[in-house]
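Please read the structure below before turning to the comments.
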Amino acid sequence: MAGLYGRGLLWWMNPLLKTGWRKLLTPGDLYELDEPMGAAVLHETFWREWRDTKKGGRRYGLIMVCLKSLKWPLLYAVLPRLALVVFTICQPLVLGRFLEFLQDERQSVSIGYGLIGAYGCVYLGIALSTAFYSHQNTRTLAMLRGTLISAIFSRSTGLATGDVDDSAAVTLMSSDVDAIIRAWREFHEIWATMIQIPVAVWLLSTHIGWACVGPLIICGLGLAVSVFSGPPSKRYMMAWLSKIQQRIGITSTMLGHIRSIKMSGLGPKLAGSIARLRRDEIDAAAPFRMMAAVMASTAQMPVLLSPVAAFALFTLKERGQEGGTGLDVTKMFTSLSLVILLGQPLFWIFKAILDASAALGCFGRIQGFLEKRLRDESGVESEADGSTAQLSRGTQEIGLQEMGSRRQGMVDVAVHDATFSWASDGPPLVQISNLEVEKGNLAIVVGPVAGGKTTLLKGLLGEVPSATGHVYLGHQKVAFCEQTPWLVNDTILKNIIAYDDYDEQLYRSVVHACDLDKDFARLENGDQTVVGSKGIALSGGQKQRVALARALYSRPKLALFDDPLSSLDNHTAETVFNRVFAKNTGMLRQWGTTIVLVTQAAKFLPDADKIVALKDGCVAEQGTFESLAKAGGYIESLRHDNTASQDQDAPEVADQSSDRSEEGPKTKAAAPAHPTDKRRQRGDMKVYSYFFSTLGLTSLAALLTCEVSWTFLSAFPTVWLNWWAIANAESPNQRIGYYLGVYAALQILATLSFGILMLTGIYFIASRVGFRLHQRLLDTVMRAPLSLFTTTDIGSITSRFSQDIGLLDNQLPLALLVCIANLFMVISQAVLLASSTGYLAVTFPFLAILFFYIQRGYLRTSRQLRFLDLEEKAPVYTQFLETLAGLVTIRAFGWAGAAKKHNHSLIDKSQRPFYLLLMVQQWLELVLNLVTAALALIVVGLAVKLCGSVSAGLTGVSLVQLITLAETLKLLIQFWTSLETSLGAVARIKNFSEETPDERLPGENGVPEPSWPASGRFEMKGVSVSYSDDLERKALDGVELVIEAGQKVGVVGRTGSGKSTFLLALLRLVPNCSGSIVVDGVDISTLPRDTVRQRIITVSQDTFFLPGSVRLNIDPYDAASTAAIEAVLRRVGLWDVVQERGGLDAKFEDEMFSHGQRQLFSLARAVLRKDTGRAVVFDEATSSIDSHIEAVIREFLDVEFRHHTVIWVAHRLETIMDFDRVIVLEKGCVVEDGRPRDLVAAGRNRFNELWAARHRYEG
């Protein structure tokens, strides 16, 4: 970035500082990283060293790999650090010589001028060597950070499916990496201290003889305490990190399912669970924080108690000798400066021991993560040329059987004698004796719920942890659509083309084939519409078609689809099937693609070249449609029971829209800080008031009291030493006990005072502030409207709960304490500096003006870099979460390499503000070191000029303060910038909580009767809903409707008709809603929204489960007996599964149930809550259940909810054919209302058209 001159004076930072002064910085204004700092280079170097080191099986292999990977950057910092040691040791030598000059009036003034030059060289050398060293050390820190984050992401993309844990990865890349960076920052201080301490002890011995062992004893005791405190500190830190990981994981999962959480009324319950986890986390942090306070107090022992031990032993030594002069000015202050040189490095060493203990644990956690088995070590791997391979995991193995070249040319999928299981110690879920799919064929897989269809597809992809037998895939890259579509928070276009290059003609063909043209026409931004996190801005059908389009755009030779049409309306499903899968018209069939399609739709079976029926994990039937249609098996029953056909549409509208996308109201909370927000540049004093209001006046008063006490006890002992030296000069060796005793008492009190200060800050204040701000953040998210989550990355919100809360927990308390303490210390040292001569005080106003403009220029840039640092990390979090969510899809498509490349790009972008923020801090440190050098020259120059009229003792006090001033300024800078960064997190939380709209409105404070809704009568009066600021564009338009108590009502309509908006309006989840909805005589707009959602029982299509046991999830309000829970689980066919997994008190795991079983579980939960109220809403609640199971469940629900009002947004028309009414919506209006069978019998109406479509493929 710059030559030697520029590096030494950090001249290359000046243009950036000027830019930050003039305007708001953007990422484009930041310097690019040079190539060695790039994530791609670091990644390659790391894994090369990892492969070599891993073979040794070392316990701390990761540390060795990092040392080897960064050996040259580490070595480049050695020379300037050595130079800094030399210049530092020169300080007491020059000080001692100068005090001798002042006390000997016979010495020539020329010697004084020479000493002025010597002082200038020493302090200028300190400034420049510090700048060189800090620059290189900062580069190393940034490189280490990039190395670890890229390594964690890289390993995440290769993990076996069962080992993927997004909370672990996010915690490792945030909390663990941050802890390692804090420790690594002191890496060079350790060996430098090992040089500086022996030299300081030797020099001290030349002044006070054997009394120098006193400081060594004190330092040894402090070091022993620190070393013995290391293991428990590491243990406490690991316990704390595990709690952080648990909280972040659950929070991240919650954010991904926020729609279903709000619909089901589980928001308050989940918020309470997360708040309890936060309290547990703070309790887990308490032992570590207590240990940190003890260690901090111990770290002060070498600085505060070593002078006491040295002077006490020297006094005893002098008393034992005749003619001893005791402690004169030169001996006292030279010895004190040497003790400071001995003690100050140990302060950092003790801090480094605490940090290193935590870092060792973090290195161990990351190493354990990196050593997890790769998926390729256990899964199926296919080759581009169709050849085979053999891979193993433990004692089980998947063999890719060698097939003859002729057979290889005919078959793309072959499975022989294979078993697949999600648990190595459990029975196989799928057993396939023989299954082959020839090239270019369409194989359709059908079967009941939990029959093993999804497991089979993932087994083919090598994503099932435990597998045996023989599997063959003809192609390495496979297009794959999961049952729950995986989308990233980007535009629809970006989701479709993914990592491929844009091809206009292909793109248009794919969009047409997936029938997305009409959606683009309705969406305000067309294919540039941002889909939101997990596609929340799109409907279920739209998400499936976008995922399908992505598969088509990759032009696959082999494609696997897991029920990709389940959420489409009948017309759209037919259209898409004909354009994609049908024999003569399908795009994939024309390309000759081999297709394996899982579906519940019997109407598509005639187009299949091969049909496979799975039941209980085994192939019950396979063959052509013609051969199986009359074979008397599952396929024939499916054909005649065509209720499984996709008779009607799913919520084929945006989750909160009708005929357009739901982008939500444009709010400030939808984006990070606004690019024209001047607060980023000039600061916001309201952040301080916000923080201190959170802290509380009592805590603030206690903190300031501790700070003032510590400052006085730190500064006054130096003045006391001057009085002692003066008294000793007048009466040698008199009243030694008095002066030494007071001095010892002051230093002991200072040590205790520092411990109390640390305990107050990092224990009491950290716990108080951390919990309150987390609660405010959590409350903001839980009361936010759904529109927030369509416009804001999950990664951005997650980073607030992980990164920002982490800054509050780890950096803010210590930064606040040390910053205030060192500010007071600088003021006290300035007073002591002026004590030698009043003339020095004349410079203070000029220095104050200089410091004002320096900090003003510095802060304008550093504040903005701080915000950019926090904001540029959010995309890294987002990509982590999104990649882990879609890992199976990414690996199937062969995009792992492209994902890593994208990750490197995001890391580089996040590294730039991180690195430059640290370098701006080093620039400020350089400027302050140069000011310190100027002050030294002024003090020494005045002392030489006024030689004979100034006090040598007071001059010694001033020059000793100069030695400590540099260290004090260093601490002030380091922790001030840390405080600014931490307050940036506070500002983000403040702005987020203030600018995020609240879905609650004034007047929503009514309290319904405990039994409400007791009958379930709904009355909608002129209900209109609009999602955009344009109120003319309505999702619902003047709906007038009465649903009598106990009625069973189906809600249907084509794509964009307003069904989802209808449902969301009932649950008060939509903005800009006019008219009124009255339930049992109560206008729901007068009730708290959570109350409405808790009292109206809702079963949503997107299932979510609470962290905890099976019992907690089936009965979150603890209102049902064990017998009732068992009975309802038996009715839905899940009791045996629950028993096999450990019973009701076992931990609920995601892989416990299949997709369809999870919907059954949600239905069971609704049944247990049937006494909550007499209103039940179903949102596509059986979309993943086969027709046989659905018939049983429908009968069960008819009995359980026979006295309830049921509103069912229908997916399959057969589900609602026996209902009392069906409401047909079109363009947000009710266009038909009547009994389903009456409407079918009447003919020539919209409902009849939908019903008639079900027969199209019969026979």
Alpha-carbon spread of segment 121-179, three principal axes, descending order, Å: 62, 17, 8
Cα lying deepest toward the dipole's positive end in the chain, options Met173, Trp348, Ala1191, charges on Cβ: Trp348
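What ratio of Cα Rg to 2.2 N^0.38 Å holds for segment 989-1133? Don't skip to the end; give the middle numbers.
On the way: Rg = 17.9 Å, N = 145, 2.2 N^0.38 = 14.6 Å.
Normalised Cα radius of gyration, segment 989-1133: 1.23.
To the nearest 20 Debye, how big is the dipole of segment 473-592 about its Cα centre, given +1 on the beta carbon of each Lys and Arg and -1 on that of each Asp and Glu? Mind dumping the intermediate values first?
Working: 14 positive and 15 negative charges, 63 e Å.
For segment 473-592, the charge dipole is close to 300 debye.
So what's the chain giving for Rg/Rh, alpha carbon basis, Kirkwood Rh from the mean inverse pair distance?
1.06
For segment 397-644, calculate the relative contact order in percent as a whole number, restricting contacts to Cα pairs under 8 Å that are 6 or more residues apart.
Computed over segment 397-644, the figure is 25 percent.
About its Cα centre, what dipole magnitude does the chain give when the only charges are +1 on Lys and Arg Cβ and -1 on Asp and Glu Cβ, stated in debye to the nearest 20?
On the way: 125 positive and 126 negative charges, 627 e Å.
In debye, rounded to 20, the chain gives about 3020.
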Unit charges at the beta carbon, dipole of the chain: most positive-side option, Trp21, Leu1036, Thr130: Thr130
Global geometry of segment 505-559, whether rounded, prolate or oblate, following the gyration tensor of its Cα atoms and the 1.5 cut on a/c: oblate
Where the Cα pairs of segment 1038-1122 fall when distances are cut into 5 Å bins, in %: 2, 10, 18, 22, 18, 14, 10, 5, 1, 0
Tensor-based shape of segment 241-294 (alpha-carbon gyration tensor, a/c under 1.5 rounded, otherwise prolate or oblate): prolate
Mean projected area in nm² (Cα convex hull; one quarter of hull surface) for segment 236-337: 10.4
Kirkwood-type radius of segment 417-557, with distances r between different C-alpha atoms, in Å: 17.1
Rounded to 5, the percent of DSSP beta bridges in the chain classed as antiparallel: 55
Label-point separation, Asp52 to Lys901 (7 Å along Cα→Cβ), nm: 2.7
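May I have the convex hull volume per residue, in Å³, for the Cα set of segment 98-237?
147
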Cβ crowding within 10 Å averaged over residues, with 285-293, 1061-1069 ranked highest first: 1061-1069, 285-293
Exposure proxy order (Cβ contacts within 10 Å, fewest to most) of His416, His475, His774, His1203: His1203, His416, His475, His774
23 Å Cα-Cα threshold exceeded, pairs from Lys269/Lys1147; Lys557/Lys901; Lys1048/Lys1170; Lys18/Lys686: Lys557/Lys901; Lys18/Lys686
Order of Lys269, Lys534 - criterion: other Cβ atoms within 10 Å of each residue's Cβ, fewest first: Lys269, Lys534
Surface/4 estimate of mean projected area, convex hull on alpha-carbon atoms of segment 397-644, nm²: 13.9
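Sorting check: for 364-375, 919-930, 38-49, 220-231, which peptide has the highest mean count of neighbouring beta carbons within 10 Å, and how do the rest follow? Display every interim value, and only then the final one.
On the way: 364-375: 18.2, 919-930: 22.4, 38-49: 20.2, 220-231: 15.8.
The packing order, highest mean first, is 919-930, 38-49, 364-375, 220-231.
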Rounded to the nearest 20 debye, dipole of segment 397-644 from Cβ charges on Lys, Arg, Asp, Glu: 340
Unit charges at the beta carbon, dipole of the chain: most positive-side option, Tyr553, Val199, Pro1013: Val199
Percent RCO, i.e. relative contact order, over the chain, from Cα pairs under 8 Å lying at least 6 residues apart: 15
Straight-distance crosslink candidates among aspartates and glutamates, where the alpha carbon sits under 19 Å from Lys518 and sequence neighbours closer than 8 are dropped: Glu504, Asp527, Asp569, Glu574, Asp649, Glu652, Asp655, Asp659, Glu662, Glu663, Glu1226
Rounded to 10°, Cα long-axis angle of helix 685-695 versus longest principal axis of the chain: 90
Segment 976-1049 - convex hull of alpha carbons, volume per residue in Å³: 199
Extent along principal axes [Cα atoms of segment 173-252; Å; largest to smallest]: 62, 22, 12
Kirkwood-type radius of segment 1076-1121, with distances r between different C-alpha atoms, in Å: 12.9
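Read-outs throughout are calculated quantities, based only on the coordinates presented, and are distinct from any laboratory measurement. Predicted model only: the values in this text are computed from it and were never measured. As a convention, Cβ positions derive from the backbone with ideal geometry for all residues, glycine included, and neighbour counts pool all protein chains shown.
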